[in-house]
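Peer 1: First the structure, then my questions, so here it is.
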Amino acid sequence: MLLDINDLWNSQDEREWLIALDRGWLTLVGRKDRNLVQFIHSVDLEYVRGLGTREWYAFLIKYFHWQFTGNHLQQRLRDLDKNSFEQLFSVKCSLVTIRQCEMVDTRKCLNLVRTPRIRGLDYPGASGLLALLFKDWFGTLDGCILESLQTIQSLPEKSKMRDLRAWVTTKSDWRDRDAVLVIEIMRRKADQLNTAFSTNRWTPSSISTILSTSNGPTRKAEESAAATKVQRL
């Protein structure tokens, strides 16, 4: 049996969600260098807290290689180099001192790291960085997530997702209110799953992994054996 994202969204079987999450990580492993995937998967706030000025810059280089590809990557790296070490480190200091109560203000957090604070990071790039450090609060934005969300029949914001995807495709950019909305949808779904399954396993970050890699069907049995090799968020 196969589940697409529309069926998965309403599934009350946590095993289906775990398979989808494992499938997402396997997909990412297939797209990126395995060592880079493992490194990114290990990053958290405590790791970043211990980085010095040049170490933080070196980390951002790795993050840009994770977030961007091809010619797009090279342009973003050139943008990154327009930042001074001091400017970049000031962003890092702001990140590691942010309070839990401030996470609710999604727009403020995104603006803390996106251009011009870190030149080269648009809304998807900024959300991805936040999702690494604050998995309980943020997921990564991208066009594949919008493609998945617009197919979910039970999603109250379904029509908005179609309009949003058209905007992003045409403008190659996000509006701040749209970025906030999609992150709120991922937060809401994570909360729903944690309540339904009596756990705290699910985060906006894990939901974004599933959405960004679930445009095709989710295989139940065939991928589960290989999926056990991938650590879950």
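Peer 1: Being among the β-branched types (V, I, T), modelled with pLDDT of 95 or more, part of a loop (DSSP other than H, G, I, E, B) and loosely packed, with under 14 Cβ neighbours inside 10 Å, is that true of even one residue in region 183-202? Steps first, please.
Peer 2: Quick first cut of region 183-202, residues among the β-branched types (V, I, T) only: 183, 185, 195, 199.
If we keep only those that are modelled with pLDDT of 95 or more as well, we get 183, 185, 195, 199.
Checking the rest, the ones that are also part of a loop (DSSP other than H, G, I, E, B) come to 199.
Then keep just the ones that are loosely packed, with under 14 Cβ neighbours inside 10 Å; that gives 199.
Yes, there is a match, as at least one residue in region 183-202 is among the β-branched types (V, I, T), modelled with pLDDT of 95 or more, part of a loop (DSSP other than H, G, I, E, B) and loosely packed, with under 14 Cβ neighbours inside 10 Å.
Peer 1: Here's a follow-up. What number of residues within region 147-160 are assigned to a helix (DSSP H, G or I), in contact (Cβ under 8 Å) with a residue 12 or more places away in the chain and either polar (S, T, N, Q) or under 14 Å from V180 (Cβ atoms) (or both)? Don't jump to the end; show me each part of the working.
Peer 2: In the first step, residues of region 147-160 are kept if they are assigned to a helix (DSSP H, G or I); the result is 147-149, 158-160.
If we keep only those that are in contact (Cβ under 8 Å) with a residue 12 or more places away in the chain too, we end up with 147-149, 160.
Among the residues that remain, those that are also either polar (S, T, N, Q) or under 14 Å from V180 (Cβ atoms) (or both) are: 148, 160.
Summing the residues that are assigned to a helix (DSSP H, G or I), in contact (Cβ under 8 Å) with a residue 12 or more places away in the chain and either polar (S, T, N, Q) or under 14 Å from V180 (Cβ atoms) (or both) in region 147-160 gives 2.
Peer 1: Let me ask something else about it. For region 35-56, name all the residues that are outside any helix (DSSP H, G or I) and closer than 23 Å to Q87 by Cβ. Before you say what the answer is, go through the steps one by one.
Peer 2: Start the filter on region 35-56 by keeping residues that are outside any helix (DSSP H, G or I), which leaves 43-44, 50-52.
Hits for region 35-56 are V43, G50, L51, G52.
Peer 1: Ok, one more. Being in a helix (DSSP H, G or I) and at pLDDT 95 or above narrows it down to one of F89, F138, so name that one. Give the steps one after another, and end with the answer.
Peer 2: Details: F138 fails: in a helix (DSSP H, G or I).
Exactly one of F89, F138 is in a helix (DSSP H, G or I) and at pLDDT 95 or above, namely F89.
Peer 1: With respect to K108, determine if the residue is in contact (Cβ under 8 Å) with a residue 12 or more places away in the chain, at negative phi and in a helix (DSSP H, G or I). Step through it out loud before you land on a result.
Peer 2: Numbers: in contact (Cβ under 8 Å) with a residue 12 or more places away in the chain: no; at negative phi: yes; in a helix (DSSP H, G or I): yes.
So K108 does not fit the description; no.
Peer 1: Confirm whether G30 is surrounded by fewer than 18 Cβ atoms within 10 Å (Cβ to Cβ), at positive phi and out of contact with any strand residue (DSSP E or B) (no Cβ under 9 Å at 6 or more places or on another chain). Can you show your working first?
Peer 2: On the way: surrounded by fewer than 18 Cβ atoms within 10 Å (Cβ to Cβ): yes; at positive phi: no; out of contact with any strand residue (DSSP E or B) (no Cβ under 9 Å at 6 or more places or on another chain): yes.
Considered against the rule, which asks whether it is surrounded by fewer than 18 Cβ atoms within 10 Å (Cβ to Cβ), at positive phi and out of contact with any strand residue (DSSP E or B) (no Cβ under 9 Å at 6 or more places or on another chain), G30 comes out as no.
Peer 1: Here is a follow-up. Does T69 fit the bill of being of a type in the set (V, I, T), under 18 Å from the mean Cα position of the chain (by Cα) and at pLDDT 95 or above? Talk me through it step by step, then tell me what you get.
Peer 2: Details: of a type in the set (V, I, T): yes; under 18 Å from the mean Cα position of the chain (by Cα): yes; at pLDDT 95 or above: no.
So T69 fails the test.
Peer 1: Related question: Could you tell me which of the residues L73, L77 is free of Cβ contacts under 8 Å to residues at least 24 places away in the same chain and touching a Phe, Trp or Tyr at 6+ places or on another chain (Cβ under 8 Å)? Let's see the steps before the verdict.
Peer 2: On the way: L77 fails: free of Cβ contacts under 8 Å to residues at least 24 places away in the same chain.
That would be L73, the only listed residue that is free of Cβ contacts under 8 Å to residues at least 24 places away in the same chain and touching a Phe, Trp or Tyr at 6+ places or on another chain (Cβ under 8 Å).
Peer 1: Moving to a separate point now. Kindly indicate whether any position in region 16-25 is surrounded by fewer than 15 Cβ atoms within 10 Å (Cβ to Cβ) and either under 20 Å from the mean Cα position of the chain (by Cα) or over 19 Å from C144 (Cβ atoms) (or both).
Peer 2: The first filter runs over region 16-25 and keeps only residues surrounded by fewer than 15 Cβ atoms within 10 Å (Cβ to Cβ), leaving none.
Within region 16-25, not a single residue is surrounded by fewer than 15 Cβ atoms within 10 Å (Cβ to Cβ) and either under 20 Å from the mean Cα position of the chain (by Cα) or over 19 Å from C144 (Cβ atoms) (or both).
Peer 1: Another question, then. Does S127 meet the test of being out of contact with any helix residue (DSSP H, G or I) (no Cβ under 6 Å at 6 or more places or on another chain), buried (at least 18 other Cβ atoms within 10 Å of the Cβ), modelled with pLDDT of 95 or more and on the phi < 0 side of the Ramachandran plot? If you could, list the steps in order and put the result at the bottom.
Peer 2: Details: out of contact with any helix residue (DSSP H, G or I) (no Cβ under 6 Å at 6 or more places or on another chain): yes; buried (at least 18 other Cβ atoms within 10 Å of the Cβ): yes; modelled with pLDDT of 95 or more: yes; on the phi < 0 side of the Ramachandran plot: yes.
In short, yes.
Peer 1: Do we find that L95 is in contact (Cβ under 8 Å) with a residue 12 or more places away in the chain, aliphatic (A, V, I, L, M) and either assigned to a helix (DSSP H, G or I) or out of contact with any Pro (no Cβ under 7 Å at 6 or more places or on another chain) (or both) in this structure? So that I can check it myself, show each step before the final result.
Peer 2: Working: in contact (Cβ under 8 Å) with a residue 12 or more places away in the chain: yes; aliphatic (A, V, I, L, M): yes; either assigned to a helix (DSSP H, G or I) or out of contact with any Pro (no Cβ under 7 Å at 6 or more places or on another chain) (or both): yes.
So L95 fits the description; yes.
Peer 1: Just to be sure I understand the filter: pairs with C-beta atoms under 7 Å, separated by 6 or more residues or on different chains, first member in region 29-46 and touching a residue at least 40 places away in the same chain (Cβ under 8 Å), second member assigned to a helix (DSSP H, G or I). Which pairs pass?
Peer 2: Final answer for the pair search is V29/V37; I40/W66; I40/L132; V43/L132; D44/L133; L45/V96; L45/L133.
The values are calculated or read from the model by the stated rules, or taken from the named source; none is laboratory data. Since the structure is predicted, the reported quantities are computational estimates derived from the model, not experimental observations. FYI the Cβ positions are ideal-geometry reconstructions off the backbone, even for glycines, and counts take in every protein chain you see.
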